Amino acid sequence: MSFVQTGPFVIYNRPMRKYIFLDIDGTLFSTTIGEIPASALQAMELARKAGHKLFLCTGRSLAEVVKYLNADVDGFILGAGSMVYTEGKRIYDHPIDGTSISRLKRTIRSFGLGYSLEGTAGAYCSPEGYESLLHYFSGGEKDRQKQIQKCMENCTYPESFGSEESDSIYKVCAFGTKWKPIYPKLADALEYPFVLTKVMELPNFVIGEITDRNISKANGIEKILEHYNAEEFDAVGIGDSANDIPMLKKCGISIAMGNSTPETKEAADYVTTDILKDGIWNAFVHYGIIEGEEK
């Protein structure tokens, strides 16, 4: 906080409150280390102490953020905008109906791909999808039992643990080894209103996110801003992948991680450093959200 001396009066220039929306995977959570970098956690703590509001804005379902429910944040946008919480209250809820889930599963299987069904109590995976997520959450761990434990810590299970019949499902992910040529064909095969977005391309597989085309992270941000009677120019969005682009376009300040996809960087006002090179810290310092030096 700075101040200006005007005669006998001192006017304090307190930065206006920002509503900061942080993606998790690739933005906060690093698959390389299997956790959030310490500098990002420190930046989040300092931002809240400065009076800003922080929200995790993720494609993950409620179950998959169980590790973050006590995080130093003010709310959550989950399932890529299909469930919204603020101050401990759910203010929006839009699950996918069971009939549509069954059709989506059949379509994904017809292309030889794995899937996960992301719900309130867990993410339920086909065998192929489960193997992909074992690697995703492993943080480099090679021991299979420890991989399974890490998956369970993220409420990710084989499909025998649950399905659309036992839980409300908010998003479906498809897993395969290549984006081309299978994923474009899958996108064409989806029935209205569902749309496929490539979320992440890792060395061993690609993650594609299937959501209702009428729902996005931008819709979730709109619900939060309405709740606080705030404006879009007060919002800061930070992400790394294609499903973050609606979020970035919705916010007055849009930031892409240094490890972002090219299209995500193009959609952003500013590109910070990589996730493991203090990207969140440097972005917050750059925009004056916290005081300090870029690292």
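Just so it is clear, none of the values below were taken in a lab; they were calculated from the coordinates. A quick note: this is a predicted structure, and the numbers were derived from the prediction, not measured. Cβ: placed from backbone, ideal geometry, glycine included. Neighbour counts: every protein chain shown.
Couple of notes before you dig in:
- When the charge dipole of the stretch 98-212 is built from unit charges on Cβ atoms (+1 for Lys and Arg, -1 for Asp and Glu) and taken about the Cα centre, the candidate among T120, Y170, L186 whose Cα reaches farthest toward its positive end is L186.
- Relative contact order for the chain, counting Cα pairs under 8 Å that sit 6 or more residues apart, in percent: 19 percent
- Built amide H within the under 5 Å cut-off of S61, gap 5+: G79
- Sequence-distant contacts, meaning Cα pairs under 8 Å at least 6 residues apart, place the relative contact order of the stretch 98-212 at 28 percent.
- Rounded to 10°, Cα long-axis angle of helix 98-110 versus longest principal axis of the chain: 70 degrees
- At R0 = 22 Å, FRET efficiency that the Cβ-Cβ distance of K49 and N70 yields, to 0.05: 0.80
- Per-peptide average of other Cβ atoms within 10 Å, ordering 67-74, 272-279 highest first: 272-279, 67-74
- Degrees, to the nearest 10: 127-136 long Cα axis against longest axis of the chain: 30 degrees
- Over the stretch 26-152, all Cα pairs binned in 5 Å intervals from 0 give whole-percent P(r) values of 2, 9, 16, 19, 19, 16, 11, 5, 2, 1, 0, listed from short to long.
- Using the Cβ-Cβ distance between T32 and E191 with R0 set to 30 Å, the FRET efficiency works out to roughly 0.25.
- Using distinct alpha-carbon pairs, which all enter the 1/r mean, Kirkwood radius of the stretch 98-212 in Å: 14.2 Å
- Put simply, when 128-135, 30-37, 150-157, 182-189 are sorted by average Cβ atoms within 10 angstrom per residue, most first, you get 128-135, 150-157, 30-37, 182-189.
- Total charge dipole magnitude, the chain, about the Cα centre, Cβ charges on Lys, Arg, Asp, Glu only, Debye to nearest 20: 180 debye
- Spacing of the modelled spin labels on K89 and E141, each 7 Å from Cα toward Cβ, amounts to 3.8 nm.
- 3J(HN,Hα) along the stretch 57-65, derived from phi through the Karplus expression 6.51 cos²θ - 1.76 cosθ + 1.60 where θ = phi - 60°, amounts to 10, 9, x, 5, 7, 4, 4, 6, 10 Hz, with x in place of Gly and Pro.
- Dividing the summed -39500 (n - 2.57) terms of all DSSP H runs of n ≥ 4 by the residue count of the chain sets its mean residue ellipticity at 222 nm at -8500 deg cm²/dmol.
- Positive-end residue of C251, I280, N214, charge dipole of the stretch 153-295 with Cβ unit charges: N214
- Distance violations [Cα-Cα > 18 Å] among K18/K249; K171/K217; K53/K171; K265/K295; K223/K250: K53/K171; K265/K295
- The chymotrypsin sites (Phe, Trp or Tyr not before Pro) found in the stretch 189-295 include none that occupy coil by DSSP while having at most 10 further C-beta atoms within 10 Å.
- Cβ-Cβ FRET estimate between D97 and E226, R0 fixed at 22 Å, reported to 0.05: 0.30
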